[in-house]
1. Against the conditions (1) of a type outside the set (A, V, I, L, M, F, W, C); (2) open to solvent by 70 Å² or more (accessible area, probe 1.4 Å); (3) in contact (Cβ under 8 Å) with a residue 40 or more places away in the chain; (4) part of a helix (DSSP H, G or I), where does Asn91 fall short? Just the number, please.
2. For Leu57, all conditions in the list (1) free of Cβ contacts under 8 Å to residues at least 40 places away in the same chain; (2) of a type in the set (A, V, I, L, M); (3) assigned to a loop (DSSP other than H, G, I, E, B) hold save one; what is the number of the exception?
3. Taking the conditions exactly as written (open to solvent by 50 Å² or more (accessible area, probe 1.4 Å), in a helix (DSSP H, G or I) and either of a type in the set (Gly, Ala, Ser) or without any contact (Cβ under 8 Å) to a residue 24 or more places away in the chain (or both)), does Tyr69 satisfy them or not?
4. Which members of the stretch 142-162 meet the condition of being more than 19 Å from Asn112 (Cβ to Cβ) and part of a helix (DSSP H, G or I)?
5. So Ile48 ticks every box in (1) β-branched (Val, Ile, Thr); (2) open to solvent by 100 Å² or more (accessible area, probe 1.4 Å); (3) within 21 Å of Glu107 (Cβ to Cβ) but one. Which box is left unticked?
6. Of the residues Ile15, Ile24, which single one is β-branched (Val, Ile, Thr) and without any contact (Cβ under 8 Å) to a residue 40 or more places away in the chain?
Amino acid sequence: MRSEIIITQSPDDFINDLRQKTKICKVFSGDEFLLDDAKAIMQNAYLIEEYDKYFVLSYKEYSIQAQNYMLKLLEEPPANVYFKILVSSKNLLLATIKSRLISRKLENYKNNYEIKLNLKNMSYLDIVNYDVDKASLSEFISALAKECYKQGINISSDLLEEFYKCYELSKLNSNFKIIISRLLLGIMRERS
């Protein structure tokens, strides 16, 4: 295994898997990767170990100052030291970091949301009565798009744009009943 950038929405799954495969796995995580974190990693990296040593960085944000501090260490790490930088998006990292490490995207997110509605035969009453838990709204939107495909409903470019807008609105704490109605009414228009 080499040092790399791991793009994942489930960092805990990756960390648990790595811990099972390696003897020494040091995890550094939190909201923001700061200069103090980078200094702590630097000190730990130069401690000699008998086995390969893996440093996992799992932060929501990575400060520019801390990333610049890590550049030399990432470029020329001590013997048997490897880095796994976990990010939700590669755009969180500086171009200089991205150029020094390979990137790998993990596709481990599964949407298990089930649409319990016959989209070809739904009525206005079905739309009004259809209920989705607010916490599951983004999963509902993704599952609804897949369900259209499964049930043979063509999605026009206008409706596809509506799906995108509703997905973005779902992240902004918008009124979820309106989002659900907009999409289902759009599907009803498409099928007629």
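The values are calculated or read from the model by the stated rules, or taken from the named source; none is laboratory data. Given the structure is predicted, the values throughout are model-derived calculations rather than measurements. Methodologically, a virtual Cβ is constructed for each residue, glycine included, from the backbone with ideal geometry; neighbour enumeration extends over all protein chains shown. Surface areas here come from the heavy atoms of the whole protein model, side chains and all, with no ligands, DNA or RNA. Shrake-Rupley method; radii C 1.70, N 1.55, O 1.52, S 1.80 Å.
1. For Asn91, the failing item is (3).
2. (3)
3. Working: open to solvent by 50 Å² or more (accessible area, probe 1.4 Å): yes; in a helix (DSSP H, G or I): yes; either of a type in the set (Gly, Ala, Ser) or without any contact (Cβ under 8 Å) to a residue 24 or more places away in the chain (or both): no.
Spelling it out, it is not the case that Tyr69 is open to solvent by 50 Å² or more (accessible area, probe 1.4 Å), in a helix (DSSP H, G or I) and either of a type in the set (Gly, Ala, Ser) or without any contact (Cβ under 8 Å) to a residue 24 or more places away in the chain (or both).
4. First, the residues of the stretch 142-162 that are more than 19 Å from Asn112 (Cβ to Cβ): 152-162.
Matches in the stretch 142-162: Ser157, Asp158, Leu159, Leu160, Glu161, Glu162.
5. Every condition holds for Ile48 apart from (3).
6. Details: Ile15 fails: without any contact (Cβ under 8 Å) to a residue 40 or more places away in the chain.
Testing whether each residue is β-branched (Val, Ile, Thr) and without any contact (Cβ under 8 Å) to a residue 40 or more places away in the chain leaves just Ile24.
Yes or no, residue by residue, for (1) among the acidic types (Asp, Glu); (2) surrounded by 15 or more Cβ atoms within 10 Å (Cβ to Cβ); (3) within 30 Å of Ala66 (Cβ to Cβ):
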| site | (1), (2), (3) |
| --- | --- |
| Lys116 | no, no, no |
| Val128 | no, no, no |
| Ile141 | no, yes, no |
| Glu147 | yes, yes, no |
| Ile155 | no, yes, no |
